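What follows is a single structure, written as structure tokens, with notes after it.
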Amino acid sequence: MRWDHLRLDDLPLDDPRSAVADAEPGAPPPVRHRATALPLIERGAVARTFDTPGFRGMTFYEVQAKSVVNRVPEASRMSFRWTINPYRGCQHACIYCFARNTHTYLDLDAGADFDTKVVVKVNAPELVRKKMASRGWQGEHIAMGTNVDCYQRAEGRYQLMPGIIGALKDAANPFSILTKGTLILRDMELLAEAAEITEVGLNVSAGFIDKDLWRSIEPGTPAPGRRLEACAALNERGLSCGVLMGPVVPFLSDSPAQLEAAVRQIAATGARHVMPIVLHLRPGTREWFLGWLRAQHPELVDRYLELYGRGAYAPKAYQARIAGQVRELAEKHGIGRPRPGFGHGTLRPPGRPAQLRPRAQATTEIPAAEQLVPAQPEQLTLL
């Protein structure tokens, strides 16, 4: 392969680099294996497997990254210029995840490898702290969850986010997080501390509430209802959290009744805003998604080929229709208006009445005028 010069040599089984980490307490002994042939992974990386139900079949490549605060290409239309991605690959295994094709840069495939071979940048917190202290850093906004989910299940073991958030908090550096993971609640108090001194924008991703569709298309994620409960908990704590309603899946989650049900449940969370994004199918993702569609909904294949043609995006007219419907539903259900029991824009200690002092609105929140615009060819990454 083209990355042969970066492969690890075969290691004897008694070499510490070939051993896996201890399993969770009470779990069967982990499987030992040779850490070999790691594509595009630096020498000294360690491949680990864990013989526990939540990680069975997974391989984690632990690397000492050279950098973790990455600049967004100048040509991008994103509103942020910097990102942090402590992981590559994602256990959420969302069929439609457009980050899939990035795994091919490692000579791994965009399908099963993306779901089961995760690169872990174990020194990410230290790198963030170093970047924050560097002379040239200007304190610009940093977005997380823009490629793969920083709160995927692996985070429960590696616990990189508390160190990352702590480094950003100590530097009073503004940041935002987009996630499908309920593990964000573990860090809620740390996020609240950060929000007292800098701008913190939070969004939960939930495109639909249909449980059958969720089990089929997002098999590794928490259920949509649990994600919305996380959004409600964050808002009740006084942390401003919205919902990225993505993706809206044509012919599977886009009926008026389905949109109504989703927006109604989103409104119940006290969400500050809702933004619908229609499914997009970039190279790598398109092939994986269409394979799933042929197996699960063969009757829809021709309709998808007609809707998407050879491109990655649904027609603008379709996107505009969905955006308009969601806008009307959001207004109907009062999304964005203050709701009793939710500390919009105000932080308070758990169990204490909300403070009267309003907190400055995070710059990462979506302005009201821009919340429900039709999705453009350059879209925020869905997780």
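Some points to look at:
- For segment 117-175, diffusion coefficient by Stokes-Einstein and Kirkwood Rh (Cα), 25 °C, 0.890 mPa s, µm²/s: 201 µm²/s
- Accessible area of segment 103-181 divided out per residue, in Å², using a probe of 1.4 angstrom: 34 Å²
- For residue 177, the residues whose amide H sits under 5 Å from its own are 144, 201, 202, 203, ignoring neighbours fewer than 5 places away on the same chain, with H placed 1.01 Å from N.
- Segment residue 251..residue 130, full-extension length gain: 38.8 nm, with 0.36 nm per residue of separation and the alpha-carbon distance subtracted.
- A DSSP coil position with no more than 16 other Cβ atoms inside 10 Å describes the following chymotrypsin sites (Phe, Trp or Tyr not before Pro) in segment 119-167: 137.
- Taking the alpha carbon gyration tensor of segment 208-252, multiplying each eigenvalue by 5 and rooting it gives semi-axes of 23, 12, 7 Å, largest first.
- In segment 177-336, one over the average inverse separation of all distinct C-alpha pairs is 16.6 Å, which is the Kirkwood hydrodynamic radius.
- For segment 77-123, the fraction of C-alpha pairs farther apart than 11 angstrom is 68 percent.
- Surface calculation, 1.4 Å probe, protein heavy atoms: residue 251 sits at approximately 60 Å² accessible.
- Across the accessible surface of segment 74-131, with the other protein chains kept in place and a 1.4 Å probe, carbon and sulfur atoms take up 53 percent.
The values are calculated or read from the model by the stated rules, or taken from the named source; none is laboratory data. A quick note: this is a predicted structure, and the numbers were derived from the prediction, not measured. Note: ideal-geometry Cβ built from the backbone for every residue, glycine included; neighbour counts use all protein chains shown. To get the accessible areas, we keep the full protein, side chains included, count just its heavy atoms, and leave off ligands, DNA and RNA. Shrake-Rupley method; radii C 1.70, N 1.55, O 1.52, S 1.80 Å.
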